[in-house]
1. Among the residues of the stretch 66-97, write down those that are surrounded by fewer than 17 Cβ atoms within 10 Å (Cβ to Cβ), not β-branched (V, I, T) and not in a loop (DSSP other than H, G, I, E, B).
2. Return the only residue of E37, E96 being touching a residue at least 24 places away in the same chain (Cβ under 8 Å) and over 16 Å from the mean Cα position of the chain (by Cα).
3. Restricting the search to the stretch 1-34, which residues are under 9 Å from the mean Cα position of the chain (by Cα), crowded, with 18+ Cβ neighbours inside 10 Å and among the aromatic types (F, W, Y)?
4. Being polar (S, T, N, Q) and in contact (Cβ under 8 Å) with a residue 24 or more places away in the chain is the filter here, so list the residues in the stretch 40-62 that pass it.
5. Based on this model, can you work out whether E41 counts as open to solvent by 70 Å² or more (accessible area, probe 1.4 Å) and not in a loop (DSSP other than H, G, I, E, B)?
6. Taking the stretch 45-65 as the search range and keeping residues that are modelled with pLDDT of 95 or more and open to solvent by 60 Å² or more (accessible area, probe 1.4 Å), which one is farthest from D6 (Cα to Cα)?
7. Just the residues that are part of a loop (DSSP other than H, G, I, E, B) and either among the aromatic types (F, W, Y) or under 15 Å from L69 (Cα atoms) (or both), please, taken from the stretch 14-35.
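The values are calculated or read from the model by the stated rules, or taken from the named source; none is laboratory data. Quantities reported herein were computed from a predicted structural model and do not represent experimental measurements. Cβ sites come from the backbone with ideal geometry, for glycine too, and all protein chains shown count toward neighbours. Just so you know, the surface numbers come from the protein's heavy atoms only, side chains and all, with ligands and any DNA or RNA stripped out. Shrake-Rupley method; radii C 1.70, N 1.55, O 1.52, S 1.80 Å.
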Amino acid sequence: MSTSADFKERALAAFENVIDPELGIDIVNLGLIYNVELGDEGTCKVTMTLTIARCPLTDHLNDAITEELSGFDEVKNVDINLVWEPAWSIEKMSREARMELGIH
C-alpha cells in the first residue's frame, strides 16, 4: 500500500502533464496546485488555485486533472477544491517556469 506522501508525489508528477494552454506551462510548475490528498474511500481532493478569477480554462483544467487521476487504481472520485487564498502570484511559479516565460 502506498503512503500518502508517495501518492502525492505520483499525483504531482501526473499533473505535470496538465498544461495551461495560454501559458504553455504545466500546472505544477505554475504553482497552481496547493495540496493533493487521497481519502480512505478513494476520493482524491485537489486543492488548487488559478492565475485569475473566472479563468476561462477552469473546466479544461478540471477535466485534465480528473483524466490524469483516472489512471490511479486507488482513485475512485476527484474533488477539486478551488481556492483564492492564498492568492496566486508569480512567486509561486518554479524557477524553470519563470525562466521559460522570461520572468527574472
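1. E67, N77, D79, N81, L82, E91, R95, E96
2. The conditions single out E96.
3. F15
4. Those that are polar (S, T, N, Q) and in contact (Cβ under 8 Å) with a residue 24 or more places away in the chain: T43, T47, T49, T51, T58.
5. Answer is no for this residue.
6. Among those that are modelled with pLDDT of 95 or more and open to solvent by 60 Å² or more (accessible area, probe 1.4 Å), it is D63.
7. E16, N17, V18, I27, V28
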